[in-house]
Amino acid sequence: MMVKPTIQFIQGTDELTIPDVRLTKSRDGTNGVAIFKFDQPSVFDSSGEVGEITGFYMIDEEGVLQSVDVNAKFVNGKPAGIEAKYIMRTPRDWDRFMRFMERYSNENGLQFIKNEAMFDEK
């Protein structure tokens, strides 16, 4: 069954805002970190209706990748953005993450820029 690749902060509620994604990988390739930055994410519009942010979930046909390393940014007391961090501890974790990002990128018009190790809008 094909599952549309999506990101959620509240399970069952897709995040509509497309993030900036930056990647770092250790020199030996054994681990890495992905940092997702969302400017004015849609979860802020719906969080009162559907509940609180419970984590960071990347969902695709292979399953769910998740993290609890999620921080909201506030400007003048109002929510302005979210930064989520996903840590990959093994080459297998990295490969699985990259498969998710390929699907998510294709669905949302992002492209990978290798020199800068980031996904950006086409």
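Laboratory data are not the source of any read-out in this text; all were calculated from the coordinates shown. From a predicted model like this one, the values you see are computed outputs, not experimental measurements. Positions of Cβ are generated from backbone atoms using ideal geometry, with glycine treated the same way; all protein chains shown enter the neighbour counts.
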Just grab the label-to-label distance for GLN111 and THR24, each label 7 Å out from Cα along the Cβ direction, in nm (one decimal). 2.6
Output needed: percent of Cα pairs per 5 Å distance bin for the chain, bins running from 0 to the one holding the longest distance. 2, 11, 20, 25, 20, 13, 6, 2, 0
